[in-house]
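**Q** Here it is: the structure, laid out below.
The values are calculated or read from the model by the stated rules, or taken from the named source; none is laboratory data. Every value quoted in this text rests on a predicted model; they were computed, and no experiment measured them. When we count neighbours, we look across all protein chains shown, and the Cβ atoms used for this are built from the backbone with ideal geometry, even at glycine. Just the protein is used for accessible areas: all its heavy atoms, side chains included, with ligands, DNA and RNA removed. Shrake-Rupley method; radii C 1.70, N 1.55, O 1.52, S 1.80 Å.
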Amino acid sequence: MNTNPNITIKDIARKFKCSPSTVSRALNDHPTINIETRKTIHEYAQKMGYQRNSVSLSLLHKSTKTIGIILPNISQFHESSMVEGLQSVLQPLGYLLNICVTNEHFLIEKEYTERLLANRVDGIFISISQETYNEGRYEHLQMAFHRNIPLIFIDRKYDEIEADGVTIDDYHGAFMATEHLIEVGCQRIAHLRGPKGLAVAEHRFNGYKDCLLKHNLPIDETLIRFSDFNIESAIAPTKYFLDLPNPLDGIFGVNDQVCFGALKVIREKDIKVPEQIAIIGFDNSPISQYFHPSLSTVGRQSQPIGEEAAKLFLQQITHPSATSNIVLSPELIIRQSSKR
């Protein structure tokens, strides 16, 4: 087969002694060109390796059929499942997904946003980085609005910017997790709080705190320590908890990863779970059910977040409307780490 990626519509037109516009209509299956002619031109174009000029087509149709997805990381089950949800809706419609990972850095997030806009993406889905929250700078997101590009928050959002978003009810999920520990008899419940200032972590902290207040349990600052979202960040805080003179009997972690770190420290101290310390996380990561003991957790509908966000995008490009914020309900999943 002769493949020539540089062959143009004009070259094909010379071959068939017709106008370039006729070839263009044939390649686009225009009904004014008879079926046999269309078939002949298609076969010849394919044989010669003709490729459509995507840039020209995007200018013609005012759409590149490309989407930008900006995430703080892609190593966790939650983020990859959100991408699967987006892909399940958008890929069948011909959209190409560009995935950008910020590693929680503001400058990287800003650069990716600017580059995606420069490449004329049809929309941007973003989960705000921790550093962006810390910096409090959102001018790069405002650029999308200035260019009338749909910007949709997924999982993490910034309330000061009016944009569509799909999140999970982190507050209610944390409240349920804490209440479950209380129901199995825990009275001194520690909390691995998550990164300071990050909305997701703050919502979960507030759910934990309000649940203690509802059940007339004190808010003990010695039982609250900041962590990141990874296993290692939970090691030192858990050691601190276990060295307290008044023993704790429960731990609520901001996510499953910090609970894995906590369980490692607890096992090294020969403390029994859940008999002495019950523990529950947040995320329902795949490994949580196979960990020993299997981890109680709060499931957040990761793939549905992506699916619902994709539907909001399609709605925005066809029938622009007022800002929509969808909050999905979490699910309490009880396993061995908290069953007493």
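**Q** Can you confirm whether the range 295-311 contains a residue that is over 30 Å from I152 (Cβ atoms) and at pLDDT 95 or above?
**A** yes
**Q** Right, another one. May I ask you to verify whether L248 is in contact (Cβ under 8 Å) with a residue 60 or more places away in the chain and more than 22 Å from the chain's Cα centre (by Cα)?
**A** Judged against the criteria, L248 is a match.
**Q** Can you tell me which of (1) under 20 Å from N73 (Cβ atoms); (2) small (G, A, S); (3) open to solvent by less than 10 Å² (accessible area, probe 1.4 Å) is the one A199 doesn't meet?
**A** Unmet for A199, out of (1) under 20 Å from N73 (Cβ atoms); (2) small (G, A, S); (3) open to solvent by less than 10 Å² (accessible area, probe 1.4 Å): (3).
**Q** Looking only at the range 181-196, count every residue that is farther than 15 Å from S233 by Cβ and crowded, with 22+ Cβ neighbours inside 10 Å and tell me the total.
**A** 3
**Q** For the range 304-328, what are the residues that are open to solvent by 70 Å² or more (accessible area, probe 1.4 Å) and either in a helix (DSSP H, G or I) or touching a His at 6+ places or on another chain (Cβ under 7 Å) (or both)?
**A** Answer for the range 304-328, where residues must be open to solvent by 70 Å² or more (accessible area, probe 1.4 Å) and either in a helix (DSSP H, G or I) or touching a His at 6+ places or on another chain (Cβ under 7 Å) (or both): K311, Q315, I317, T318.
**Q** Which residues, counting only those in the range 115-145, are open to solvent by 50 Å² or more (accessible area, probe 1.4 Å) and of a type in the set (G, A, S)?
**A** Across the range 115-145, the qualifying residue is only A118.
**Q** Quick one: count up the residues across the range 23-44 that are open to solvent by less than 80 Å² (accessible area, probe 1.4 Å), within 45 Å of the chain's Cα centre (by Cα) and modelled with pLDDT of 85 or more.
**A** Total satisfying the criteria: 6.
**Q** For the range 154-174, does any single residue satisfy the condition of being open to solvent by 30 Å² or more (accessible area, probe 1.4 Å), touching a strand residue (DSSP E or B) at 6+ places or on another chain (Cβ under 6 Å) and part of a helix (DSSP H, G or I)?
**A** no
**Q** Yes or no: the range 269-292 includes at least one residue that is among the hydrophobic types (A, V, I, L, M, F, W, C), under 24 Å from P304 (Cα atoms) and in a loop (DSSP other than H, G, I, E, B).
**A** Yes, that holds for at least one residue.
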